[in-house]
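Here the structure is laid out as structure tokens; the discussion comes afterwards.
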Amino acid sequence: MIISGTFIIFTIQKQEIYKIEEQLKSFSKAIKEQIIDQYEDPNDFQSGFTDLFMKRVFTQNIQGAIIDKDGKTIAGTNFSETKGPYQYKNSVIISALSGKENFEKSKKSLDENSVVKEWLSYGYPVLDENDNLEYVIYVQIDAINIKDTLKQTTNTIGISVIIALILAITLGSMFSNTITAPISLLTKKANLLAKGHLEQHIIVRGEDEIGQLTRSFNHMARELRKTVSEMENENNKLEIVLHNMTDGVVAFDELGSLIHANKEFYELMGLDEEEQYKINLDYFLYKINLPKNQIKLNKNTEILIDEGGKYIQVVLIPYTGKNNFIEGIMIVLKDITRQKKLDDMRKEFVANVSHEIRTPITTIKSYTETLLDGAIDEKELAIDFLNTINEASDRMKFLTDDLLELSRLDGGKISFNFKVTNLYDIVVGCVKQNIIIANNKNQQIILSEPINKNMYVLIDTDRINQVLNNVISNAIKYSYDGKDINIFIEENEENFIVNIKDNGIGIPKEDIGRIFERFYRVDKARSRAMGGNGLGLSIAKEIMLEHNGDIKAYSKVGDGTTMQIIFKKYRDLENPLKFNYENQNF
């Protein structure tokens, strides 16, 4: 804007000076044609000036003079004032006296009032036929009017430029704000969005490119919120799954640094809080005693570690990125202690069943072969052999019956005939059934008489008789001859507890927790000699669990064993048909 204004001012100034130059040239031409060319006598040149000014209208600011080749003024507009040889002797006149035209833009002089005036002057040499200098026409014009005009023009243009500049700045600022304000707002919102502040929205204020950009930003923000929300939901689901998994899960990056580990991982590894902070792949491999070079990067690695009887299956799964480069390793830990124990028990059970069946079968086969070889002819020996075969058959029948009963108990296929019964009466009956067996070993079964004999429970009397008889008969078997068996019944708020204490050899501490396992016997040879097969207590345990009760053993080697049979009290005596026990079959 300022450059344009300056250019306009200089252009106008140049045009004005050019017009004045042409005006001075025209005036000089008129002086030559109407004075010098018309009058032969130079003394008449002054009258020619008078006639010229009478014929032509020249501004009073224009002055002119005819100067001879010696620099003397011959005639002029103000001849009385300009008369003399040096009045107009200046650069313009000097140049003209040398035969050259010259125009001078500014020349200062004093007027009669000693006021400095500026002149625009022109010198024109007049030559004769031989190109010799005859005269010099000197004209000048007062520059004050031009200066005033240019000043007014400059002021006008300057004011216009200033006004235009102010308007341009104002409008530019307004226009700039119209463009930059939305962009600045978009930039600010985009920065907030990049920092995680996703709840960003901008009001659309137009249909131009800025408006379209704003709409695109709002759409992007909505999609980003939706995507992040979906990712957070998926991460939350994954976190919940990992947190609630029974398996331990841990992930390491390609440098072996910990990425994620769930709570079960730390529990399975037995890591305390201090160790949790220093866990990395090398430390983990050290904990499970696995050299790093045994990890196969192209496929899964599976190992089994034994943590003092606790078996943990470890699966190491490398994972790759887009370029199939290993980016880390995922490790899954599974506690298979129970599974392994069950598997071991299954194997042991199969082995025990095979052994228990093979023994009577071997007996039957050997005695049968002996009879076939001729022993059948000896009547007494044959009868003895047949009795042995019969006993072996009975033993095998009892074994298969017990196995079938356990199988039905496991499958829930046994029906229980529950009814409200006085437990004390059942215990008394079982004691009576075992008195003869105890007497054969010079033993007594001592039942402590309770104060409250009204011990009502909801039971299947046949099954409970089976349990009590099994425990009492075991107490008789494993008690020394002449040692008594003591039975007493306790009660608490919820239960009746039948305690059967023998005075036998006792059970070692390491075996006490396993006596309810199938075929488990503390002293296998002695148990087999006494006719046991190791299934009685297993069946008793299953029956008591079906009654919402339990059976427990407490023992000390050399001090005998106490078996506790726990029964739930029956509460509803007014309506004995109403009860709510789990695992009931009718």
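Please go through region 246-274 and give me each residue that is under 23 Å from Ile336 (Cβ atoms), part of a helix (DSSP H, G or I) and either outside the structural domain of Ile303 (by TED's automatic domain parsing) or charged (D, E, K, R) (or both), ordered by number.
Residues satisfying the conditions are Lys263, Glu264, Glu267.
Restricting attention to region 492-510, which residues are at pLDDT 90 or above and surrounded by 15 or more Cβ atoms within 10 Å (Cβ to Cβ)?
Selection gives Asn495, Phe496, Ile497, Val498, Asn499, Ile500, Lys501, Asp502.
Would you check which residues across region 186-213 are of a type in the set (S, T, N, Q) and under 19 Å from Lys226 (Cα atoms) and list them?
Result: Asn191, Gln200.
Counting just the residues of region 9-53 that are more than 17 Å from Ile67 (Cβ to Cβ) and either under 60 Å from the mean Cα position of the chain (by Cα) or β-branched (Val, Ile, Thr) (or both), which one comes out surrounded by the fewest Cβ atoms within 10 Å (Cβ to Cβ)?
By that ranking, first place goes to Thr11.
If you take just the strands (runs of 3 or more DSSP E) that sit entirely in region 417-472, which of them hold at least 2 residues that are at pLDDT 90 or above and under 16 Å from Phe488 (Cβ atoms)? Write out each step before concluding.
Values: elements: 419-422, 445-447, 456-459.
In region 417-472, the matching strands (runs of 3 or more DSSP E) lie at 445-447.
All but one of (1) surrounded by 15 or more Cβ atoms within 10 Å (Cβ to Cβ); (2) more than 29 Å from Ala96 (Cα to Cα) hold for Ile146; state the number of the condition that does not hold.
Only one criterion is unmet by Ile146, namely (2).
In contact with a Ser or Thr (Cβ under 9 Å, 6 or more places away or on another chain), closer than 18 Å to Thr461 by Cα and either surrounded by fewer than 16 Cβ atoms within 10 Å (Cβ to Cβ) or at pLDDT below 90 (or both): does that describe Tyr570?
On the way: in contact with a Ser or Thr (Cβ under 9 Å, 6 or more places away or on another chain): yes; closer than 18 Å to Thr461 by Cα: yes; either surrounded by fewer than 16 Cβ atoms within 10 Å (Cβ to Cβ) or at pLDDT below 90 (or both): yes.
The answer is yes for Tyr570.
Going residue by residue through region 211-220, is there one that turns out to be closer than 30 Å to Ser4 by Cβ, among the aromatic types (Phe, Trp, Tyr) and surrounded by 11 or more Cβ atoms within 10 Å (Cβ to Cβ)? Spell out how you get there, then give the answer.
Filtering region 211-220 down to residues closer than 30 Å to Ser4 by Cβ leaves none.
Among the residues of region 211-220, not one is closer than 30 Å to Ser4 by Cβ, among the aromatic types (Phe, Trp, Tyr) and surrounded by 11 or more Cβ atoms within 10 Å (Cβ to Cβ), which makes the answer no.
Only one of Ser121, Ser106 is at pLDDT below 80 and more than 60 Å from the chain's Cα centre (by Cα); which?
Details: Ser121 fails: at pLDDT below 80.
Matching residue, one of Ser121, Ser106: Ser106.
Out of the residues in region 493-519 meeting the condition of being touching a Phe, Trp or Tyr at 6+ places or on another chain (Cβ under 7 Å) and of a type in the set (D, E, K, R), tell me which one is nearest to Met563 (Cα to Cα).
Asp502
Among (1) part of a helix (DSSP H, G or I); (2) assigned by TED's automatic domain parsing to the domain that holds Glu101, where does Tyr138 come up short?
Condition (1) is where Tyr138 drops out.
Could you list, in sequence order, the residues of region 228-259 that are under 12 Å from the mean Cα position of the chain (by Cα) and polar (S, T, N, Q)?
Scanning region 228-259 gives Ser229, Asn233, Asn235, Asn236.
Please give the number of the condition Met245 fails out of (1) of a type in the set (A, V, I, L, M); (2) closer than 30 Å to Asp344 by Cβ; (3) at pLDDT below 75; (4) touching a His at 6+ places or on another chain (Cβ under 8 Å).
(4)
Looking at (1) at pLDDT below 75; (2) farther than 30 Å from Glu517 by Cβ, which is the only condition Leu381 fails?
Checking Leu381 against (1) at pLDDT below 75; (2) farther than 30 Å from Glu517 by Cβ, the one that fails is (1).
Kindly indicate whether any position in region 291-313 is touching an Asp or Glu at 6+ places or on another chain (Cβ under 8 Å), of a type in the set (A, V, I, L, M) and modelled with pLDDT of 80 or more.
For region 291-313, residues touching an Asp or Glu at 6+ places or on another chain (Cβ under 8 Å), of a type in the set (A, V, I, L, M) and modelled with pLDDT of 80 or more: present.
Applying the selection to region 154-179, what residues are over 27 Å from Ile9 (Cβ atoms) and of a type in the set (A, V, I, L, M, F, W, C)? It would help to see each step written out before you state the result.
We begin by selecting, within region 154-179, every residue over 27 Å from Ile9 (Cβ atoms); these are 174-179.
Answer for region 154-179, where residues must be over 27 Å from Ile9 (Cβ atoms) and of a type in the set (A, V, I, L, M, F, W, C): Met174, Phe175, Ile179.
Condition first: free of Cβ contacts under 8 Å to residues at least 12 places away in the same chain and over 21 Å from the mean Cα position of the chain (by Cα). Now tell me which residues in region 202-227 satisfy that.
Residues satisfying the conditions are Ile203, Gly206, Glu207, Asp208, Glu209, Gly211, Gln212, Arg215, Ser216, His219.
Quick check on region 158-166. Is at least one of its residues in a helix (DSSP H, G or I) and in contact with a strand residue (DSSP E or B) (Cβ under 8 Å, 6 or more places away or on another chain)? Give the steps one after another, and end with the answer.
Within region 158-166, the subset in a helix (DSSP H, G or I) is 158-166.
So of that shortlist, the ones also in contact with a strand residue (DSSP E or B) (Cβ under 8 Å, 6 or more places away or on another chain) come out as none.
Checked region 158-166: no residue is in a helix (DSSP H, G or I) and in contact with a strand residue (DSSP E or B) (Cβ under 8 Å, 6 or more places away or on another chain).
In region 511-530, which residue that is assigned to a loop (DSSP other than H, G, I, E, B) and over 60 Å from the mean Cα position of the chain (by Cα) is modelled with the highest pLDDT? Working first, answer last.
At the first step, the residues of region 511-530 found to be assigned to a loop (DSSP other than H, G, I, E, B) are 513-523, 530.
Keeping just the survivors that are over 60 Å from the mean Cα position of the chain (by Cα) gives 523, 530.
Working: Asp523: 59, Met530: 52.
Applying the filter and picking the extreme gives Asp523.
The values are calculated or read from the model by the stated rules, or taken from the named source; none is laboratory data. Quick caveat, the model's predicted, so the values are computed rather than measured. Don't worry about glycine lacking a Cβ; one is built from the backbone with ideal geometry, like all the others, and counts go over all protein chains shown.
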